[in-house]
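Have a look at the structure below before the remarks.
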Amino acid sequence: MLPCQRHLFDIPDDVAYLNCAYMSPLMKPALEAGVAGLARKAHPWELTSDKFFTGSDEFRATAAQLIDCSADCIAIVPSASYGIATAARNLPVKKGQSILVLAEQFPSNYYPWQRRAEETGATLKVVAWPENHDWTAAVLNSLTADVAIAALPHVQWTSGGRLDLVRIGAACRKVGAALALDLTQSLGALPFSVRDVQPDFAVAASYKWLLGPYSVGLLYIAPKWQNGTPLEENWIQRANARDFANLMYTEDYDAGARRFDMGERSNFALLPAAVRAMKQLLEWNVAQISETAGALNRHLAEAAADLGFSAPAEPLRAPHYLSLRRKAAIPKELPEMLAREKVFVSVRGSSIRVTPHVYNTVEDGERLIACLRRIAT
Ligand SMILES: Cc1ncc(COP(=O)(O)O)c(C=O)c1O
């Protein structure tokens, strides 16, 4: 368990921010790195050609450490949807085959596959919501020989339902299905290893559990797909990009996954902030982050159970994610009360999504429980 790290964040004492799944707060050192990066543009004469590569190299190396792969396998993308579009463009699928997604999967990991199915005549196969909360079993049951691509998350984004990706990865290989992952709601808070899961593509936006800024993310691309087609064609993806005096046309791309980088990937403000945040995650250790957020959630789940709320237990639920549901409808006044008390969670339909991080205190949790007690009585 990690001691509370609130001192690294600019979170006022009267704010109980329990909504990392919406957007994480940028920690002070990452903000400083981003501000310093933005300021570099004030002196463009100091932004020499090498600077277009050093930030990107550092981003790739740090991201690779986080997901246990080679830096060559990392592309720099602006969003999860960009990464998923890259996967959808490159993974083969044909009429008679299917693309597997979860019921109520996040739209950015649904629309690209819906379009791909429409364009190819393939079927979009939707794994029904499992009554027993066991998404892994539900996916494994659906992984039949017709599945060409399984497009999945590690954690279902509203409920926190957890998928065992090591088992699912092995099952995909057995039926010959490609595995494309959206790790946006898990990477940084739930241990993940490319070596263990062996996905074909895996993307994570930086602004949630990677504690980074908005509009940047990492995309893992397995070596077997690295000769594929990027979404964009730009100068910096090409083999001669480092030679600013000689940028004329070449057929050759830069090595590994770099050809899939977004245009203007050398973002001088965003990359240093994203790198600083990922380094902090590595220092804390993702397993410890998971354990720390998980302990707070377990405590909250117990206290909320006394008030009529239920949540799936671990390991079917990811430790960093708690979705509290109760039979009775959630009173309309709850969101207003939470806002007044400066308790930040996501209230959706009949559930309350609570997603703490290492900046949260026991008191933050108690303030949420106090609000729930008021609506329960
Ligand atoms: C599971 C999941 N994936 C991706 C995203 C973000 O997608 P994008 O980067 O395309 O905006 C979110 C945002 O809430 C999400 O919950």
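The values are calculated or read from the model by the stated rules, or taken from the named source; none is laboratory data. Just so we're clear, the structure is a prediction, and the values are computed from it rather than from any experiment. All Cβ positions, glycine included, derive from the backbone under ideal geometry; neighbour counts span all protein chains shown.
Contact map, the range 329-340: residues that are among the charged types (D, E, K, R) paired with residues that are assigned to a helix (DSSP H, G or I), Cβ distance under 8 Å, separation 6+ or inter-chain. Pairs shown: Glu333/Ile375. Of the residues making up the range 116-145, those that are under 16 Å from Gly96 (Cβ atoms) and among the charged types (D, E, K, R) are Arg116, Glu118, Glu119, Lys125. Can you confirm whether the range 27-47 contains a residue that is away from the ligand (no atom under 16 Å from the Cβ), out of contact with any Lys or Arg (no Cβ under 9 Å at 6 or more places or on another chain) and not in a helix (DSSP H, G or I)? Yes, the range 27-47 contains at least one residue that is away from the ligand (no atom under 16 Å from the Cβ), out of contact with any Lys or Arg (no Cβ under 9 Å at 6 or more places or on another chain) and not in a helix (DSSP H, G or I).
Only one of the listed residues (Leu26, Leu2, Leu47) is in contact with a Gly (Cβ under 8 Å, 6 or more places away or on another chain) and among the aliphatic types (A, V, I, L, M). That residue is Leu26.
Filtered by the rule that a residue be crowded, with 16+ Cβ neighbours inside 10 Å and either charged (D, E, K, R) or farther than 22 Å from Pro78 by Cα (or both), the range 264-283 gives Arg265, Arg276, Lys279.
Could you check, for the range 70-82, whether at least one of its residues is farther than 20 Å from Ala178 by Cβ, over 17 Å from the mean Cα position of the chain (by Cα), more than 16 Å from the ligand (Cβ to nearest atom) and of a type outside the set (A, V, I, L, M)?
no
Per the listing Trp129, Trp135, Trp113, the residue uniquely touching a strand residue (DSSP E or B) at 6+ places or on another chain (Cβ under 7 Å), among the hydrophobic types (A, V, I, L, M, F, W, C), away from the ligand (no atom under 12 Å from the Cβ) and closer than 24 Å to Asn19 by Cα is Trp135. Comparison of Ala103, Ala145, Ala137, Ala128 shows that the only residue that is more than 24 Å from the chain's Cα centre (by Cα), hydrophobic (A, V, I, L, M, F, W, C) and over 30 Å from Pro230 (Cβ atoms) is Ala145. Of the residues that make up the range 220-230, is at least one of a type in the set (Ser, Thr, Tyr), under 16 Å from Leu163 (Cβ atoms) and more than 16 Å from the ligand (Cβ to nearest atom)? For the range 220-230, residues of a type in the set (Ser, Thr, Tyr), under 16 Å from Leu163 (Cβ atoms) and more than 16 Å from the ligand (Cβ to nearest atom): absent. Only one of the numbered conditions (1) within 16 Å of the ligand (Cβ to nearest atom); (2) out of contact with any helix residue (DSSP H, G or I) (no Cβ under 8 Å at 6 or more places or on another chain) is not met by Leu270, and that is (2).
Scan the range 152-187 for residues that are crowded, with 24+ Cβ neighbours inside 10 Å, away from the ligand (no atom under 13 Å from the Cβ) and part of a loop (DSSP other than H, G, I, E, B) and the total you get is 1. When Glu118 is tested against the conditions (1) in contact (Cβ under 8 Å) with a residue 24 or more places away in the chain; (2) more than 16 Å from the ligand (Cβ to nearest atom), the lone failure is (1). The set of residues from the range 96-109 being over 17 Å from Leu163 (Cα atoms) and within 16 Å of the ligand (Cβ to nearest atom) comprises Pro107, Ser108.
Take Thr86 and tell me if it is under 25 Å from Tyr207 (Cβ atoms), within 16 Å of the ligand (Cβ to nearest atom) and in contact (Cβ under 8 Å) with a residue 40 or more places away in the chain.
Criteria met by Thr86.
Reported count of residues in the range 258-290, each being farther than 13 Å from Gly37 by Cβ, of a type in the set (D, E, K, R) and part of a helix (DSSP H, G or I), is 4. Scanning the range 200-217 for residues being within 15 Å of the ligand (Cβ to nearest atom) and either among the aromatic types (Phe, Trp, Tyr) or over 9 Å from the mean Cα position of the chain (by Cα) (or both) gives a total of 10. Checking Trp129, Trp135 one by one, the residue that is touching a residue at least 24 places away in the same chain (Cβ under 8 Å) and buried (at least 19 other Cβ atoms within 10 Å of the Cβ) is Trp135 and no other.
Just one residue in the set Asp14, Asp50 is away from the ligand (no atom under 16 Å from the Cβ), among the acidic types (Asp, Glu) and at pLDDT below 95; that residue is Asp50.
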